[in-house]
Amino acid sequence: MMQFSEQAAPDEVRAWEAFDLLATMVAVVQPDGTCLFANAVLESVVGLSRRTLVTRTLPEWFREPSALLEAIDAVSRNEFATRRFEGALRRAVVGHAEPLPVHIIVSQTEHSHSRILVEMIEIEQQTRQDREERALGQAQVTKELIRNLAHEIKNPLGGIRGAAQLLAMDLPSPELIEYTQVIIHEADRLQTLVDRLLAPHRKPHVVGDVNIHEVCERVRSLVLAEHSRGLRVERDYDASIPEFRGDREQLIQAVLNIVHNACQALNERIDEGDACITLRTRVSRQVTIGKQRFRLALELHIQDNGPGVPDSLRDRIFYPLVSGRDGGSGLGLTLAQTFVQQHQGTIECDSAPGRTVFKIVIPLP
């Protein structure tokens, strides 16, 4: 049974229990820093029960408590409605000796003089959310640019090809006709590239019930049929993940594009016989994607033991026409990102030599 201090009325505590639904750490304190309430995330991060936390002051869990005390005092005296600053939260969890860097937001409540709200956001989490928002914005700009550019290229291509065909009929020399064939061939190649750029925007979004493990198994069978030796594709599935509404074929293509990229990076290891790709599924709770909050989300990790993404490409791997190999179109990851974003999801990459992980996050019902 949750305990509360004498200063906190039972109806207050019941209202504060809504903070347990948040993914950030939240505490309600008095002007002297005494903790009246700590939400479930703060319990978990500090490593102490709510019953213990509400018998202590919140600032004592910070490496430099004076900054938090000053902010709480200033907000309680209405000098500021909100104060923001950085701090380091100490933890009682075994194995976490290092303080956790957090962004602290101290705000007034309805009872501004006696109840102060303190929200703590992990710096890494905030950085990730900022990165996701930038990626979504960049993807939208890129999509519009590609669509407009592709249409501008496509119109004159037809004229160039048609002119080359007419010219070939009037040329007497086979050598000159050969040049027109080069023009026609290159025009066709560019036409194919333009069609691929426009494909995600033309193809209708076919929504149905999707089992992510059926998607993974389809990709796994396709890849193993292509690489029957030297490559292991391991499964690490969470069988409790429910079905969700989505476009099965788009998701198969997205995962397949990422796995194909991994296979190309693993060429040397495949020859040596020790290449490995792991498909891992998990459920994540209280996830923020862009500016939207979701209670549950699917996480699909596609991990390989290849050489890693070069530093020069790491920030640009989802850009169109950016490829790390000769002859690559640079569209595989761009299309994968487009398909995932059409499911309100995100995709990101964490890479180091010997371990590269692409993580797809998609909201669940």
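Looking at region 241-250, can you tell me whether even one residue there is polar (S, T, N, Q), surrounded by 17 or more Cβ atoms within 10 Å (Cβ to Cβ), in contact (Cβ under 8 Å) with a residue 24 or more places away in the chain and touching a Cys at 6+ places or on another chain (Cβ under 7 Å)?
Looking for residues that are polar (S, T, N, Q), surrounded by 17 or more Cβ atoms within 10 Å (Cβ to Cβ), in contact (Cβ under 8 Å) with a residue 24 or more places away in the chain and touching a Cys at 6+ places or on another chain (Cβ under 7 Å), one finds none in region 241-250, hence no.
Which residue, of L58, L22, is touching a residue at least 40 places away in the same chain (Cβ under 8 Å) and crowded, with 21+ Cβ neighbours inside 10 Å?
Just one listed residue meets the conditions, L58.
Each row is one residue, and each column tells you yes or no for (1) at pLDDT below 70; (2) exposed (fewer than 12 other Cβ atoms within 10 Å of the Cβ); (3) not assigned by TED's automatic domain parsing to the domain that holds V259.
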position: R115; (1), (2), (3): no, no, yes
position: E119; (1), (2), (3): no, no, yes
position: L166; (1), (2), (3): no, yes, yes
position: S173; (1), (2), (3): no, yes, yes
position: Y179; (1), (2), (3): no, no, yes
position: V194; (1), (2), (3): no, no, yes
position: L198; (1), (2), (3): yes, no, yes
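Across region 266-306, what is the number of residues that are in contact with a helix residue (DSSP H, G or I) (Cβ under 6 Å, 6 or more places away or on another chain) and in a loop (DSSP other than H, G, I, E, B)?
Here the count works out to 2.
Give the number of residues within region 223-278 that are of a type in the set (V, I, T) and farther than 19 Å from Q303 by Cα.
Count: 1.
What's the number of the condition I241 fails, among (1) more than 24 Å from G354 (Cα to Cα); (2) assigned to a helix (DSSP H, G or I)?
That leaves (2) as the condition not met.
For the structure I just gave you, tell me whether R50 is touching a Phe, Trp or Tyr at 6+ places or on another chain (Cβ under 8 Å) and over 19 Å from E110 (Cα atoms).
Criteria met by R50.
Within region 253-273, which residues are over 14 Å from L333 (Cα atoms) and in contact with a Leu (Cβ under 9 Å, 6 or more places away or on another chain)?
Matches in region 253-273: L266, R269, I270, G273.
Any idea which of R232, R285, R248 is of a type in the set (D, E, K, R), farther than 18 Å from H343 by Cβ and touching an Asp or Glu at 6+ places or on another chain (Cβ under 9 Å)?
Result of the check over R232, R285, R248: R232.
Could you look through region 1-56, keep only residues that are farther than 23 Å from R295 by Cβ, among the acidic types (D, E) and in contact with a strand residue (DSSP E or B) (Cβ under 9 Å, 6 or more places away or on another chain), and pick out the one that is modelled with the lowest pLDDT?
E12
Which condition breaks for I153 when tested against (1) closer than 30 Å to I360 by Cα; (2) modelled with pLDDT under 80?
(1)
Tell me which of these S228 doesn't satisfy, since it passes every other one: (1) surrounded by 15 or more Cβ atoms within 10 Å (Cβ to Cβ); (2) farther than 16 Å from L335 by Cβ; (3) in the same structural domain as I347 (by TED's automatic domain parsing).
Among (1) surrounded by 15 or more Cβ atoms within 10 Å (Cβ to Cβ); (2) farther than 16 Å from L335 by Cβ; (3) in the same structural domain as I347 (by TED's automatic domain parsing), the lone unmet condition for S228 is (1).
From (1) loosely packed, with under 14 Cβ neighbours inside 10 Å; (2) in contact with a Pro (Cβ under 8 Å, 6 or more places away or on another chain); (3) at pLDDT below 85, pick out the condition that doesn't hold for E144.
Here E144 clears every test but (2).
The values are calculated or read from the model by the stated rules, or taken from the named source; none is laboratory data. Bear in mind that the values here come from a model prediction, so they are computed numbers and not experimental data. All Cβ positions, glycine included, derive from the backbone under ideal geometry; neighbour counts span all protein chains shown.
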